[in-house]
Amino acid sequence: MIKPISFATVLLGLVSSCSTYNKSPVATYDNAGSDGTSVNQIVNADKKTRPIKVLRSSKKRVDGKLMAQVEIQNSSTHPIRFNYKFDWLDESGTLDSSSSSWNRSSLNGNQIISIKDVDPRGNASDFRVLFKGI
């Protein structure tokens, strides 16, 4: 004879068998290497963000706030969609809590665009850009 299984037991089994899986890992572009030179490399890129190549980056102060601009290219022949955001770093390299929000963008095959943002608080000395494939 089969015993009825309670709803709570089934629910507990479903919840305990679920695991977290990040469907959209974040790829990072750091503006400066450990020696202070520019590094045009995106790290932790997945299949969706691997075609994004950084061609050049720049930063300058505008009205006391850091403005960052990054020129990127889709190195594939296929269009890609992605989200990006700028993180602002203080002089010690610590992430500023005022980092910007995610922005949506797309690139056609071999297309080049510039993305830019301004540090909202004005105390950043450097930046990094995060990319997430859609």
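Of note, residue 117 does not satisfy the criterion of being of a type in the set (D, E, K, R), surrounded by 12 or more Cβ atoms within 10 Å (Cβ to Cβ) and in contact (Cβ under 8 Å) with a residue 60 or more places away in the chain. The sole residue among 65, 53, 60 that is touching an Asp or Glu at 6+ places or on another chain (Cβ under 7 Å), farther than 18 Å from residue 104 by Cβ and not small (Gly, Ala, Ser) is 65. Within region 43-69, the only residue that satisfies the criterion of being surrounded by 15 or more Cβ atoms within 10 Å (Cβ to Cβ) and of a type in the set (Asp, Glu) is 46. Of all the residues in region 80-114, those that are assigned to a loop (DSSP other than H, G, I, E, B) and without any contact (Cβ under 8 Å) to a residue 12 or more places away in the chain number 3. The residues in region 70-112 that are surrounded by 12 or more Cβ atoms within 10 Å (Cβ to Cβ), farther than 16 Å from residue 133 by Cβ and hydroxyl-bearing (Ser, Thr, Tyr) can be counted, and the count is 3. Among the residues of region 59-94, those that are of a type in the set (Ser, Thr, Tyr) and at pLDDT 95 or above comprise 75, 76, 77, 84.
Within region 124-134, is even one residue more than 19 Å from residue 26 (Cα to Cα) and free of Cβ contacts under 8 Å to residues at least 40 places away in the same chain? No, region 124-134 has no match at all.
The values are calculated or read from the model by the stated rules, or taken from the named source; none is laboratory data. Owing to the predicted nature of the structure, the values given are computational and were not obtained by experimental measurement. Positions of Cβ are backbone-derived with ideal geometry, glycine not excepted, and every protein chain shown enters the neighbour counts.
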